[in-house]
Each structure stands twice: as C-alpha cells, then as structure tokens.
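Input: a single structure, listed below in structure tokens.
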Amino acid sequence: MQRLYDFLRRHPTWVDGFWALVLLGISVVGGSLDRNYEGNDNEAAFLAITLLLCLVIALRRRMPEAMLVLAAAAGFTQLILDVPRMPADFAMLVIIYTVAANGARWASWFALAGGLCASPLAQLRWSEQQTGMLGNAVLGVILTVPFALAWVLGDSLRTRRAYFAQLEERAARLEREREAQAKVAVAAERARIARELHDVVAHNVSVMVVQADGAAYVLDAAPDQAKKALETISSTGRQALAEMRRLLGVLRTGEHQEVGEYVPQPDVEQIDDLVEQCRVAGLPVDFKIEGTPRPLPSGVELTAYRIVQEALTNTRKHGGPNAGASVRLVYFDDGLGLLVEDDGKGAPHEMYEEGGADGQGHGLIGMRERVGMVGGTLDAGPRPGGGFRISVLLPLKPAH
C-alpha cells in the first residue's frame with residue numbers, strides 16, 4: 001500500500017485522469033437515462049460540456065487557472081444553451097477547491113465569486129415551478145453552501161501549507177545560524193587559547209632565559225646565585241607546564257583527565273606572586289593596591305593578570321638593563337583600574353602594535369582584544385621623559 005501511495009503521489013495527473021474517466025462514465029450513463037437531453041442539439045451540447053468539465057478534472061493540478069476559466073466558460077455555455085444540470089457539474093466544486101489551494105490569488109477570488117453566483121444563476125435558469133419564488137431563493141442559497149465550503153477547504157489548505165513552509169524555512173535558518181555560531185565559538189576559543197599560550201610562553205620563557213643567562217654569567221664566580229637562578233628556572237618551567245596543560249586540556253575532548261592535573265585560572269591575587277617572580281628575575285617592581293579588594297568576575301581577574309604579565313614581560317625584554325616598573329591596582333565602585341609603567345628605554349610604540357613583544361602580533365593588539373572582551377578600555381603609549389605606560393579600566397558589569 002505504501003508503494004501504491006508513493007506512486008500516486010508521484011503521478012497526480014494519472015489520478016486526476018482516472019477520476020475524470022469515472023465522472024465521464026457517470027455523466028454519460030446519467031444523461032442517457034435523463035429525458036431532458038433528448039434531441040440532437042441538447043444531446044450534442046451535453047456531450048461537449050461534459051467532455052470539457054471532465055478535462056477540467058484531468059488537468060486541474062497541471063493548469064489550475066486555465067481550467068478554472070474553462071470551467072466558467074462551460075458553465076456559461078450550459079446556461080445559454082439551456083442544458084440542465086448534470087453530474088459533470090461536480091467538476092466546478094473540484095476546480096474551486098483546487099484553485100483556492102494551489103492557484104494564483106486572483107484565480108482564488110475569481111473562483112469564490114463564481115461559486116457564490118453559480119447556484120443562484122442555475123436556480124433562476126431552471127427554477128422549480130412547484131416550490132414558488134421563495135422556495136427557489138432558499139434552495140439557491142442552500143446549494144451555494146457546497147461551493148463556499150469547497151473554497152474554504154482549499155484556502156485553509158493553502159494557509160496550512162504556507163505555515164508549514166514558514167516553519168521549515170525558520171528551522172533551516174536556525175540550523176544555519178546554529179552552525180555559524182558554533183564556528184564563531186570555535187574560532188573565539190582558538191583565539192583565546194592562542195592568547196593564553198602566548199602569555200604563558202612569553203612571560204615564563206623570558207624569565208627562564210634571563211635566569212639562564214644570569215646563571216651562566218655567575219656560574220664560576222658565585223655558585224650560590226647560579227643555583228638560585230636554576231631553581232627559579234625550574235619553578236618557572238613547572239608553572240608554565242601546569243598552565244599549558246590546563247589550556248591544552250580543553251582541546252583533548254574525549255580523553256579522561258584527572259582534575260588535579262590542571263590549575264585554576266590566574267586571578268588578581270596571583271599578581272603579587274607574578275611581581276615577586278619578576279623581582280627574583282632581576283626586574284625591580286613596585287606593586288601597590290588602592291581601594292578595598294573584593295571578589296571580581298573571573299573574566300576581569302584573568303584579564304588584569306594577563307595585562308600585568310604581558311606588560312612586565314615587555315619591560316624585561318625592551319626596557320634595558322636598569323629598567324624598573326610599577327604596578328597599581330585600583331578598586332573603584334564600578335570597575336577595576338590598572339596602571340603599569342616602566343622607566344626603561346622601551347621599544348617603539350609601533351613595534352608593540354605591529355609585532356607585539358615577540359614580533360608576532362601579540363603585543364598591544366592582544367591586550368586590546370582581552371580588554372574589549374570584558375567591555376573595558378585601554379590606553380597605552382610612551383611616558384613623558386622615557387619609558388612606557390599602560391592604563392586599563394575594566395568595568396565590573398559588561399557593557400550593553
């Protein structure tokens with residue numbers, strides 16, 4: 001049965017043709033038994049109109065508007081030639097329904113108007129003498145109901161199809177948007193991991209390089225200082241590995257990881273440890289906190305930590321041998337202020353913008369991206385008299 005149903009759906013014209021033949025057979029048999037069609041003229045008109053209406057049934061889905069016009073022409077011909085109502089007139093109901101469901105809008109309204117006029121005109125043309133004028137009027141109104149129902153059913157089907165088409169289009173659009181959002185999320189996560197890796201590698205590796213150079217310089221003259229430098233390299237390397245495991249862990253989906261394998265994301269409380277690490281590496285840093293410390297959003301804390309880390313790394317790389325730095329952390333009512341300055345010779349401002357601390361495009365550009373993600377502002381540039389200054393304001397509530 002399912003195969004038969006699928007076959008009929010693929011060949012609707014064959015189905016309509018079959019019903020057209022059925023209607024033709026019923027009309028011919030009924031006409032041969034009806035004495036109203038006796039006589040050559042009446043019989044020829046009856047056959048011609050019957051064939052036309054059966055053709056309307058056969059081609060109603062292929063050419064609905066044309067078949068509607070053909071049905072209207074057959075109906076007027078039937079009225080003019082005084083050919084009484086016949087079984088083939090059922091085709092008018094069918095074409096009204098078809099046009100209302102699938103035809104052009106003008107054809108749908110034309111079918112409604114024609115359907116409402118067809119029964120009254122037929123009742124006037126072939127009125128029942130025994131029922132009187134009032135009875136004919138009532139009968140004409142009653143016979144109009146099937147035409148109106150046919151149009152209402154067809155128009156309801158059109159509305160239902162349009163509704164489902166709109167739902168399908170909306171579902172497809174949402175699916176496309178979901179895929180686009182997923183791609184954007186993946187790209188954003190990759191960019192975040194790239195920034196995090198850059199900050200971890202640039203800072204910790206630079207500390208290790210400075211300590212290694214210092215250890216090599218004083219290895220013979222001051223073995224204790226060289227040992228201390230090697231210990232700093234070891235602890236810095238472990239810290240870098242821990243942070244890299246945490247960052248790369250999100251990429252290893254599907255693998256079982258131990259919770260203790262990762263460390264929490266850095267926050268403002270760890271800035272003190274960061275400053276102390278820079279001091280041990282040989283960079284004098286003055287660190288002060290103003291205002292009342294309080295819990296902050298994790299994104300704000302991570303951004304503040306990474307900004308300080310990047311700024312001190314740049315100072316160590318470009319500030320020169322006698323450079324010093326200062327870090328100010330200010331708690332406002334509605335935000336967190338951050339000021340990092342150094343008094344070294346510094347690198348050209350263009351270098352930070354174009355190549356970053358490592359010449360690869362991760363300097364101030366990466367800082368601005370981080371600050372922008374939490375809705376903050378960043379101002380960076382050379383200090384009067386030498387050195388470099390980075391001023392950041394991070395709001396505690398995201399900007400709308």
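Based on what the data block shows, is residue 296 under 33 Å from the mean Cα position of the chain (by Cα), surrounded by 15 or more Cβ atoms within 10 Å (Cβ to Cβ), modelled with pLDDT of 80 or more and assigned to a loop (DSSP other than H, G, I, E, B)? Spell out how you get there, then give the answer.
Values: under 33 Å from the mean Cα position of the chain (by Cα): yes; surrounded by 15 or more Cβ atoms within 10 Å (Cβ to Cβ): yes; modelled with pLDDT of 80 or more: yes; assigned to a loop (DSSP other than H, G, I, E, B): yes.
Here the answer is yes, as residue 296 does meet what is asked.
Of the residues 72, 113, which single one is open to solvent by 20 Å² or more (accessible area, probe 1.4 Å), under 18 Å from residue 150 (Cβ atoms), in a helix (DSSP H, G or I) and without any contact (Cβ under 8 Å) to a residue 24 or more places away in the chain? It would help to see each step written out before you state the result.
Working: 72 fails: without any contact (Cβ under 8 Å) to a residue 24 or more places away in the chain.
Only one candidate qualifies: 113.
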| message | Residues to consider are 119, 108; find the one that is at pLDDT below 90 and hydroxyl-bearing (Ser, Thr, Tyr). | response | 119
| note | Residues of segment 75-106 being surrounded by fewer than 18 Cβ atoms within 10 Å (Cβ to Cβ) and of a type outside the set (A, V, I, L, M, F, W, C), in sequence order, are 77, 82, 84, 85, 102, 105
| task | Quick one: in segment 58-69, of everything that is over 8 Å from residue 95 (Cβ atoms) and not small (Gly, Ala, Ser), which residue is most open to solvent (accessible area, probe 1.4 Å)? | result | 62
| Members of segment 116-164 found to be open to solvent by 70 Å² or more (accessible area, probe 1.4 Å) and polar (S, T, N, Q), listed by number | 129, 130, 159
| request: Check 378, 302, 312, 364 and return the single one that is open to solvent by 10 Å² or more (accessible area, probe 1.4 Å) and at pLDDT below 90. | output: 302
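The values are calculated or read from the model by the stated rules, or taken from the named source; none is laboratory data. Computed from a predicted model, the values in this text were never measured in an experiment. Counting neighbours? That spans all protein chains shown, and the Cβs are built from the backbone with ideal geometry, glycine included. These accessible areas exclude ligands, DNA and RNA; they are computed on the full protein's heavy atoms, side chains included. Shrake-Rupley method; radii C 1.70, N 1.55, O 1.52, S 1.80 Å.
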